[in-house]
Amino acid sequence: MKKIIIKNAVLRKDMLLDMKKPKVAIIMLLFNALLCMVACPFVFSTVFSAEYYSYGSSSVSYRLLITMFMVLVWLETVAICFLTPALTAGCISLEKERQTLDVLLTTKMSTWQIIKGKYFSSIMLVLMLIISCLPIMSLVYIYGGINLWQMLLMMLVLISTTMYLACFGVFFSALVKNTIVAVILTYIFLGVMLSLTFSVSFGGAAIMSAINDYLEWEH
């Protein structure tokens, strides 16, 4: 990743400009504060219930910890689904609106290098949010609710989801000239795609359950 940042001038420039903006620190602070507010009741309930019911033993309620873990993961997933399209859908269209895309195309950088630089610079904030949540998520790991492999797998899924959703934002950003239109198209497309995915998944599960119930009734 360090080599990509050094070699790609677009990525290096965008990252230097974005990291200087106060909104980056404010977004990270607010999001982590929200996660802390959600996690604290679960942690306090786990610790106090262990002290009350176990008389000082080291046993804790793993059900509460797993519930906290799932709630935090869902919150991060929702934040990713809302932030990623908004951040990526303007990476190319903004250059068109500012009339600076032609300047980029006249440089020695290839089209692929420009797209790659815009792609990674637009998702960098979301990736930083995911990494910054590790201390809060590690509370479950400390108390023994999940193991290290599960924690790393969760991080991999969140990062993969971010990179997957970002592809559609960059696509619509390159397709249209207006940023607002690109953002709207990205949200509409992802909404329809996710709705169809959940409908097919739950519909298939319901059909399989009905078939199993029918076969059991026949026997």
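The values are calculated or read from the model by the stated rules, or taken from the named source; none is laboratory data. Remember, it's a predicted structure, so these values are computed and weren't measured experimentally. When the accessible area is computed, the model is the full protein with side chains, heavy atoms only, and any ligands, DNA or RNA have been set aside. Shrake-Rupley method; radii C 1.70, N 1.55, O 1.52, S 1.80 Å.
Amide H of Ile146 versus every other amide H placed in the peptide plane: which residues, excluding those fewer than 5 positions away on the same chain, fall under 5 Å?
Those lying under 5 Å, H to H, from Ile146 are Tyr141.
Rounded to whole Å and ordered largest first, report the semi-axes of the equivalent ellipsoid of region 79-198 derived from its Cα gyration tensor (root of 5λ).
Semi-axes (√(5λ), whole Å): 32, 17, 11.
Per residue, what accessible area does region 141-214 have, given a 1.4 Å probe and all protein chains present, in Å²?
About 64 Å² of surface per residue is accessible.
How large is ³J(HN,Hα), in whole Hz, for each residue of region 158-170 in order, when computed from phi with the Karplus curve 6.51 cos²θ - 1.76 cosθ + 1.60 and θ = phi - 60°, using x for Gly and Pro?
Whole-Hz 3J(HN,Hα) from phi for region 158-170: 5, 5, 5, 4, 4, 5, 5, 5, 5, 4, 6, x, 5.
Just to verify a number: what accessible area does Phe171 come out at with the full protein assembly present, 1.4 Å probe, Å² rounded to tens?
Phe171 has an accessible surface of roughly 110 Å² with all protein chains in place.
So how do Thr106, Thr84 rank on accessible area, 1.4 Å probe, biggest first, that is with the largest at the start?
Working: Thr106 115, Thr84 0 Å².
So the residues, ranked largest to smallest area, are Thr106, Thr84.
Which shape class, rounded, prolate or oblate, goes with region 95-165 when its Cα gyration tensor gives a ≥ b ≥ c as root eigenvalues, a/c under 1.5 marks rounded, and past that a/b bigger than b/c marks prolate?
prolate
Output wanted: per-residue J couplings in Hz (rounded whole) for region 124-136, from phi through Karplus 6.51 cos²θ - 1.76 cosθ + 1.60, θ = phi - 60°, x for Gly and Pro.
Per residue, the Karplus-derived 3J(HN,Hα) values read 4, 5, 5, 5, 5, 4, 4, 5, 5, 7, 4, x, 6 Hz.
First check a/c for region 55-134, with a ≥ b ≥ c the square roots of the eigenvalues of its C-alpha gyration tensor; if it is under 1.5, answer rounded, and if not, answer prolate when a/b is larger than b/c or oblate otherwise.
Prolate.
Contour minus end-to-end for Leu134 and Ile159, with contour as 0.36 nm per residue of separation and end-to-end as the Cα-Cα distance?
Details: separation 25, 0.36 × 25 = 9.00 nm, distance 1.28 nm.
Going from the current span to full extension adds 7.7 nm.
Return the sequence-ordered ³J(HN,Hα) values of region 27-34 in whole Hz as given by the Karplus equation 6.51 cos²θ - 1.76 cosθ + 1.60 applied to θ = phi - 60°, using x for Gly and Pro.
4, 5, 5, 5, 5, 5, 5, 4
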